[in-house]
Amino acid sequence: MAVRPVLRMGDERLLRISQPVQRFDTPELHALIADMQDTMQALNGAGLAAPQIGVPLRVVIFGIEANPRYPDAEPVPQTVLINPVITPLDAAMEEGWEGCLSVPGMRGLVPRYLRLRYQGCDARGAVIDRTVENFHARVVQHECDHLDGVLYPMRILDLRNFGFTEELFPGQKIEDD
Ligand code: NI
């Protein structure tokens, strides 16, 4: 298993539509997920999508323990989500600050659906079906956007709310994610 280089915004591979996983519980799929987990942990990220390490498959991982970087965020269980489908439960949206390992050193204010259902499979093909809200819902939307070639800066409504983390939040120790 290995920490893999994370592609950065500007690399056109981040703009592609990723393909569904066809076969579950294979050595190749488990190896991909192990590399994604190693990479996310090494960079202290909240989530990672396969295209961020150059693999155009519909695989995301995410999860946050109680983290001083997200003092207002509820913990999100460590999750491997494959071929995800997101269904907003209503039209309510909320803006919140996001970062991305592919956009290091920056933060932006991004509107996301507040409540949603997400469905997909884990690495063995077992069904995942959850209804979530708030920060959990935000993380899922951010990661799944990567599978459709969407990076969070594309969703910022007012680019004045986009900048370098050190300038936006002076004096705070906030790492990339
Ligand atoms: Ni990201």
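Run the helix sum for the chain: -39,500 (n - 2.57) per DSSP H stretch of 4+ residues, divided by residue count, reported at 222 nm to the nearest 500 deg cm²/dmol. Walk me through the numbers on the way to the answer.
Working: 3 runs with 34 residues, N = 177.
Using -39500 (n - 2.57) per qualifying helix, the result is -6000 deg cm²/dmol.
How far, in degrees from 0 to 90, does helix 27-42 lean away from the longest principal axis of the Cα atoms of the chain, to the nearest 10?
20 degrees
Among 30-40, 82-92, how do they line up from the highest to the lowest mean number of other beta-carbon atoms within 10 Å?
Values: 30-40: 17.8, 82-92: 14.3.
Averaged packing, sorted descending, gives the order 30-40, 82-92.
Tally up the carbon and sulfur contribution to the accessible surface of the chain as a whole percent, 1.4 Å probe, everything protein left in place.
C and S fraction of accessible area: 52 percent.
Within the stretch 124-154, which residues have the backbone N less than 13 Å from the label spot 7 Å out from Glu94 along Cα→beta-carbon, could you tell me?
Those under the cut-off are 132-139.
If I fit a long axis through the Cα atoms of helix 134-147 and take the longest principal axis of the Cα atoms of the chain, what angle between them do I get, 0 to 90°, rounded to 10?
60 degrees
What does the charge count near Met36 come to, summing +1 for each Lys or Arg and -1 for each Asp or Glu among other residues with Cβ under 12 Å from its Cβ?
On the way: positive: Arg4; negative: Asp35, Asp38, Glu143.
Within the 12 Å Cβ shell, the charges total -2.
What fraction of the DSSP beta bridges in the stretch 1-147 is antiparallel, stated in percent and rounded to the nearest 5? Don't skip to the end; give the middle numbers.
Numbers: 26 of 27 bridges.
For the stretch 1-147, the DSSP antiparallel bridge percentage is about 95.
For the chain, what log10 I(q)/I(0) values come out of the Debye formula at q = 0.10, 0.11, 0.14, 0.18 1/Å, with one point per alpha carbon and no solvent?
-0.35, -0.43, -0.72, -1.24
Within the stretch 16-49, what residues put their amide N at less than 20 Å from the label point 7 Å along the Cα-to-Cβ vector of Gln172?
44-47
Quick check for you: with a 1.4 Å probe and neighbouring chains kept, what is the accessible area per residue of the chain, in Å²?
Numbers: 9040 Å² over 177 residues.
I get 51 Å² per residue for this part.
Starting from the Cα coordinates of the stretch 73-174, work out the convex hull volume and express it per residue in Å³.
On the way: hull volume 11.2 nm³, N = 102.
Looking at the stretch 73-174, the number lands at 110 Å³ per residue.
The values are calculated or read from the model by the stated rules, or taken from the named source; none is laboratory data. Values in this document were obtained by computation on a predicted structure and should not be read as measured data. Every residue, glycine as well, gets a Cβ built from its backbone with ideal geometry; the counts of neighbours run over all protein chains shown. All accessible areas refer to the heavy atoms of the entire protein, side chains included, with ligands and DNA or RNA removed. Shrake-Rupley method; radii C 1.70, N 1.55, O 1.52, S 1.80 Å.
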